[in-house]
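All of the numbers you see were taken from the coordinates with simple rules; none came from a lab. Only a predicted model underlies this, so the values are computations on that prediction, with no experimental measurement involved. Note that each Cβ is placed from the backbone with ideal geometry, even for glycine, and that neighbours are counted across all protein chains shown.
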Amino acid sequence: MLGRRHDFDPEDRGALWAWDTIEEARMVSTIYDSMQVFLTFVAVTTLALGGVGVMNIMLVSVAERTREIGVKRRRRGKRHRILMEFFLEAIVLTFVSGLAA
């Protein structure tokens, strides 16, 4: 009836605008899902890069302190104790760096 009265094709779905809440809800849901996937990807990438950074810090720390490790072993230091010192040092460095950022 509106098509005949206002002179447009009654079968043209684009001729009249109508608010479709279900279509809008689907669109918003799709946008939120896309953002969640993107932010998850960013979070995983950030954690991976942080892990690589900590690994490099540990590697450099051990490489620079090989002599210190040798002295500790020579003084009958237990392997577990020496590894625990490096592990705790890495945790403290990571925590302090996280607070500084």
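Here is the result for region 45-101: no GluC sites (Glu not before Pro) lie in DSSP coil with at most 14 other C-beta atoms within 10 angstrom of their C-beta. A quarter of the convex hull surface defined by the alpha-carbon atoms of region 60-101 gives 3.1 nm² as the mean projection.
For the chain, the membrane-span-like helices by this rule, meaning whole DSSP H stretches whose C-alpha atoms cover at least 24 Å of axis and whose Kyte-Doolittle mean is -1.0 or above, are 21-64, 79-100; this says nothing about an actual membrane.
Under a model in which nothing but the beta-carbon of Lys, Arg (+1) and Asp, Glu (-1) is charged, the chain shows a dipole of about 1860 debye around its Cα centre.
How fast does the chain diffuse by Stokes-Einstein, in µm²/s, taking the Kirkwood radius from C-alpha pairs at 10 °C and 1.306 mPa s?
It diffuses with D of about 81 µm²/s by this estimate.
Sites counted here are chymotrypsin sites (Phe, Trp or Tyr not before Pro) in a DSSP loop (not H, G, I, E or B) having no more than 13 other Cβ atoms within 10 Å; the longest part of the chain that contains none of them is 20-101.
For a quick check of your reading of the filter: which trypsin sites (Lys or Arg not before Pro) in the chain sit in a DSSP loop and have no more than 16 other Cβ atoms within 10 Å? Write down the numbers at each step before the final one.
Numbers: sites: Arg4, Arg5, Arg13, Arg26, Arg65, Arg67, Lys72, Arg73, Arg74, Arg75, Arg76, Lys78, Arg79, Arg81; in loops: Arg13, Arg65, Arg75, Arg76, Lys78.
Loop-located and lightly packed - Arg13, Arg65, Arg75, Arg76, Lys78.
With the charge dipole of region 19-82 set up from +1 on Lys and Arg Cβ and -1 on Asp and Glu Cβ about the Cα centre, the Cα lying farthest toward the positive end among the listed residues Met35, Ala63, Ala25 is that of Ala63. Here is how the number arises for the chain: DSSP H runs of 4 or more residues each give -39500 (n - 2.57), the sum is divided by the residue count, and the result at 222 nm is -27500 deg cm²/dmol.
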